[in-house]
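The values are calculated or read from the model by the stated rules, or taken from the named source; none is laboratory data. Computed from a prediction, not measured in an experiment: that's the story for all the values here. As a convention, Cβ positions derive from the backbone with ideal geometry for all residues, glycine included, and neighbour counts pool all protein chains shown.
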Amino acid sequence: MDVSNLRENGLYNTTSETNTNLTEMSVVRGPIVVPMYQQAIIITMYSIIICLSVFGNSIVCYIVFSSRKMRTVMNFFIVSLAMSDILMAVLCIPLTFIANLVINSWPFGETMCPIVSFIQVVTVFMSSFTLVAISLDRYWAIVHPLRQKMTKQQACIVISVIWLLSVAIPLPTAIKARVHQYVNDSNAPYFCEELWENVTGQSVYNVLLLLFQYFFPLTILVFTYGKIILVLWIIKTPGEAVSDRDKRISISKKKIIKMMIVVVIIYAICWLPLHVITIAGDINKTFYNLPGMNIVWTASHWLAMSNCMYNPFIYCWMNAKFRNGFIKVFRCVTCGLPKPPRGIEMQQLRYHQSGAISVGNSFTTPYRSSSSNSEYTCLNGKYSGIAVSRGCRNTTVRFC
């Protein structure tokens with residue numbers, strides 16, 4: 001993130017004595033020394049983001065690619081979202097918070113400055129554009145169900161376009177970002193910032209970034225999900241099918257929409273404070289001089305960066321398929337030692353059922369299957385019916 005305004009207004013120290021004579025140069029200080037306890041808090045908080053984001057989003061990608069049933073259009077977009085979060089956590093967060101919040105200088109060289117600044121903007125665009133693509137896909141599928149749905153090949157093309165736009169739009173950041181010193185002195189710290197010759201051009205570019213990163217996507221998301229909520233929960237479609245299959249499909253759609261609405265709400269909340277501070281600082285430079293603004297900016301920056309770690313928890317909480325995938329991964333990592341309570345209960349149920357069937361002669365009478373896989377007709381004898389668990393199905397055994 002660009003913190004040049006913060007430094008210019010005193011939140012980050014680049015020079016020291018200001019009350020000097022014209023013949024006396026200002027004494028140049030090095031980077032601000034952050035107290036150890038503050039460094040420990042900052043490093044811990046950002047390390048939590050990095051670890052949870054990389055771990056959770058990697059599992060999400062593995063779940064989708066390891067199961068053929070999970071390779072749906074919706075999940076392809078979720079993988080794209082997860083990959084952008086991983087890039088943010090690995091390439092951007094560690095370097096930016098160390099440089100801007102721990103040592104208050106850029107120690108990673110001239111080459112890394114434009115790369116890191118550029119990738120950070122790219123990943124934010126990828127996240128926002130992917131959320132928009134998911135909402136539009138759900139919009140067409142639910143509001144216009146008779147129209148042709150997006151195929152997997154089309155989804156891959158859309159994702160490629162999203163990545164291309166995310167790389168193309170913030171190219172000025174890669175061009176303008178560079179390492180520089182505020183004071184021409186060997187002891188002065190180096191900073192990685194965007195340097196524009198035209199202040200008006202910089203302001204216009206910053207406004208466009210805010211609009212395309214946050215406000216335009218958020219407007220589309222509010223419209224699409226608002227319309228979807230209207231169709232699924234409020235408006236009763238005339239002649240709507242009421243079969244069990246249609247009810248299950250409707251419930252499944254509602255669960256997916258609820259999950260994505262939560263993802264969008266978390267995204268909007270996480271990025272809102274930092275964008276508000278940026279807008280207020282662009283309007284009035286003295287805004288950064290308010291007491292405690294350095295703490296407010298740090299907290300807002302952490303909240304914005306933390307957005308990349310929440311989505312896996314949302315999927316696990318609100319989607320049964322992802323939840324089962326997480327359980328399988330954890331069981332694999334822990335060598336299968338912990339088992340979910342439901343699995344233990346099902347094993348005990350199968351054990352008791354198999355034992356009940358094998359005891360006594362009344363349950364060993366041969367029977368033949370009818371046209372239905374779940375019903376059987378006995379050859380002789382009259383016995384009461386029971387339900388037998390066979391593999392993953394409940395098979396009804398009908399006795400004469």
Would you point out which residue out of ARG147, ARG178 is surrounded by fewer than 18 Cβ atoms within 10 Å (Cβ to Cβ), at pLDDT 90 or above and not in a helix (DSSP H, G or I)? ARG178
Considering only the stretch 310-331, I want to know if a residue exists there that is surrounded by fewer than 16 Cβ atoms within 10 Å (Cβ to Cβ), of a type in the set (Gly, Ala, Ser) and at pLDDT below 85. no
Only one of SER105, SER128, SER117 is outside any helix (DSSP H, G or I), surrounded by 18 or more Cβ atoms within 10 Å (Cβ to Cβ) and at negative phi. Can you tell me which? SER105
Would you mention how many residues in the stretch 269-286 are buried (at least 17 other Cβ atoms within 10 Å of the Cβ) and of a type in the set (Gly, Ala, Ser)? 1
Just to be sure before I move on: is TYR190 touching a Ser or Thr at 6+ places or on another chain (Cβ under 7 Å) and either within 22 Å of CYS113 (Cβ to Cβ) or of a type in the set (Lys, Arg) (or both) in the structure I sent? yes
Condition first: assigned to a helix (DSSP H, G or I), modelled with pLDDT of 60 or more and within 14 Å of the chain's Cα centre (by Cα). Can you find one or more residues in the stretch 34-43 that meet it? no
HIS301 vs (1) touching a Pro at 6+ places or on another chain (Cβ under 7 Å); (2) buried (at least 18 other Cβ atoms within 10 Å of the Cβ): all pass except (1)
Taking into account only those residues within the stretch 332-359 that are in a helix (DSSP H, G or I) and small (Gly, Ala, Ser), which is modelled with the lowest pLDDT? SER358
The conditions are (1) under 23 Å from the mean Cα position of the chain (by Cα); (2) at pLDDT 90 or above, and LYS253 fails exactly one of them. Which is it? (2)
I'd like to know if the stretch 227-248 contains one or more residues that are at pLDDT below 90, surrounded by 17 or more Cβ atoms within 10 Å (Cβ to Cβ) and not hydrophobic (A, V, I, L, M, F, W, C). no
When you look at SER160, is it in contact with a helix residue (DSSP H, G or I) (Cβ under 7 Å, 6 or more places away or on another chain) and either of a type in the set (Gly, Ala, Ser) or surrounded by fewer than 20 Cβ atoms within 10 Å (Cβ to Cβ) (or both), yes or no? no
Test for PRO94: is it modelled with pLDDT under 95 and over 15 Å from SER306 (Cα atoms): no
Neighbours by Cβ (under 6 Å, 6+ apart or cross-chain): first from the stretch 297-316, free of Cβ contacts under 8 Å to residues at least 24 places away in the same chain and within 18 Å of THR123 (Cβ to Cβ); second charged (D, E, K, R) and crowded, with 19+ Cβ neighbours inside 10 Å: none
